[in-house]
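Taking it in order: structure first as structure tokens, then the write-up.
Since every read-out is calculated from the coordinates, none of them should be taken as a lab result. Please read all numbers here as calculations on a predicted model, not as lab measurements. Every residue, glycine as well, gets a Cβ built from its backbone with ideal geometry; the counts of neighbours run over all protein chains shown.
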Amino acid sequence: MSTIRLWDAQDGARLFTFTNHREQVRVLLFEESGFMLVSLDNSGLLECCNLSDGTSLWSRSGLGAVHSLSRSSDGSSLICESSTRAKKFRFTDGTPLP
């Protein structure tokens, strides 16, 4: 199991601990406004957490060997890339996009 811990940069207090990943976390990506954190592990589990209250907003599994996670130019979607394909998801709810 992998653990993601988030601290307050000003006072060093721990804000949240996320433990939803079963394998090593490879990528962390903050949503532009700073209210969401997306994480990706070695199993291909993509998890989006609310940074206001620490809850899980959505997750997607079975993505396989993803090696790259990025935001679209307008910030509205995530792009997960493997060596053979790319998948796109809406940032706010994880809905797959064409």
- Message: Just to be sure I understand the filter: pairs with C-beta atoms under 7 Å, separated by 6 or more residues or on different chains, first member in region 38-67 and at positive phi, second member among the hydroxyl-bearing types (Ser, Thr, Tyr). Which pairs pass?
- Response: Gly44/Ser61; Gly64/Ser82
- With the condition kept exactly as written, say whether any residue in region 55-71 is of a type in the set (Phe, Trp, Tyr) and either within 18 Å of Ser2 (Cβ to Cβ) or within 10 Å of the chain's Cα centre (by Cα) (or both). yes
